[in-house]
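Student: Got a structure here, written out as structure tokens. Questions coming.
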Amino acid sequence: SARSPAGMLPVVTGLLLAVAAGARGSASGTQESPPGSRFVCTSLPLEATSAGCPLPPVPMQGGALPPEEELKATVLQLRETVLQQKETIGSQREAIRELTGKLSRCESADGKSATGTWRNELGKGKDTMGDLPRDPAQVIDQLSRTMQTLKDRLESLEHQLRANVSYAALPNDLREMLQRRLGDLERQLLSKVAELEDEKSLLHNETSAHRQKTETALNALLERVSELEKGNLAFKSPDEFKVSLPLRTNYLYGKIKKTLPELYAFTVCLWLRSSASPGIGTPFSYAVPGQANEIVLIEWGNNPIELLINDKVAQLPLFISDGKWHHVCITWTTRDGMWEAFQDGEKLGTGENLAPWHPIKPGGVLILGQEQDTVGGRFDATQAFVGEMSQFNIWDRVLKAEDIMNIANCSTNMPGNIIPWVDNNVDVFGGATKWPVETCEERLLDL
């Protein structure tokens, strides 16, 4: 059976030292061995060679080191043992070669008698090496098998060490830290999901409201198309129609095709009906390049209705947001910036110094229902007009008070000489509609 290096090497070394000592003792008397001399091979006890052949250290068992550290220490000790055994085998090979030569000399010098004497000596109670192989080559082979066994054990320990390191349990504090981080990530994920759900709900509500408004406008368009198909919408006269702007948006508006010439005075009259709050919005606005507020009539928020000329402001004492038809006229002249405000034929206010000596610039854009921040666009839904309007006319002079009263009483039909209210001069966009109406008749229904 294979023996460990700690058990076999001292015995072999003791044998080799004994043979070498006998050879030196025989050679000390003469230069050459006499014909009757021979080598005496005597085995030495283990204690006699322990000083020359120290045993490899054995790792302590049951220490306080962790299992990984003990495995590492064992691997290092086994590696040192293998290196020592390699060195020992190399030296033993040389000694075995030398002893083999000397044994051959012993047998050749004395022939059979030497061989018999050798065997007799071993048979007289000195055969303490009966468990050793007689052939030195067998010793090398046995030591090689022992070294291979050590290598196998070393590899097994290395595999075990790697397995222990790879699959070792995590420390408690590290495991707790990972659990805390996983918990934080889970809470953050749940919070983000909740936020997304809230945003989805808000977006759904906004989309529903916008869809409802759009459907309302589309329904109005469909009704108008149906009436057009039936042929019941033909206006009795070109001016008997109204423009409906039912929603406060930035895309419903009407546009006057004609533009204004340069004006030094004007009168603007129109019928309108609105109950929007706060403020009815902007019934009309005229913008020119370089001045978006050339002429604007607006009631915005809780402010009174205002007239803007060249971005200068005058507040008008008009009250028209009761949901009934009202006739409104405004006059202005560049001389001293004089202005007048009429409601239902009655003059309610007058003033001066509103953009005095400023002529109204020509070539601008006239919009119904929206306030322009740039020429013809950039509308603000909060300033949009909500309601209906009709008979929007502009003159290039200041009308007399009696003329305005006659128009409001429906006793006189006076279309504007600059901008008349006719069907082919008004376009509507974004869902705004044109409907047939006789304003004076509808006004009677409001009374």
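Student: Expressed as a rounded percentage, what relative contact order does segment 241-445 have, with Cα pairs under 8 Å and six or more residues apart?
Tutor: The normalised contact order for segment 241-445 reaches 35 percent.
Student: Taking a probe of 1.4 angstrom, what is the accessible area of LEU174 in Å², to the nearest 10?
Tutor: Around 60 Å² of this residue is reachable by solvent.
Student: Still on this model: Out of LEU190, LEU178, THR216, whose Cα points farthest toward the positive end of the dipole of segment 174-232 (charges: +1 Lys, Arg; -1 Asp, Glu; placed on Cβ)?
Tutor: Towards the positive end, the residue furthest out is LEU178.
Student: How much area per residue is accessible in segment 174-232 when the probe is 1.4 Å and only protein heavy atoms are counted (Å²)?
Tutor: So segment 174-232 comes to 90 Å² accessible per residue, rounded to a whole number.
Student: Can you give me the distance in nm between label points at GLU206 and GLU87, each placed 7 Å from the Cα along the Cα-to-Cβ direction?
Tutor: 8.4
Student: Let me ask something else about it. Can you sort GLU176, GLU87 by solvent-accessible area, 1.4 Å probe, largest first?
Tutor: GLU87, GLU176
The values are calculated or read from the model by the stated rules, or taken from the named source; none is laboratory data. Predicted model only: the values in this text are computed from it and were never measured. FYI the Cβ positions are ideal-geometry reconstructions off the backbone, even for glycines, and counts take in every protein chain you see. Keep in mind that these areas ignore ligands, DNA and RNA; they rest on the heavy atoms of the full protein, side chains included. Shrake-Rupley method; radii C 1.70, N 1.55, O 1.52, S 1.80 Å.
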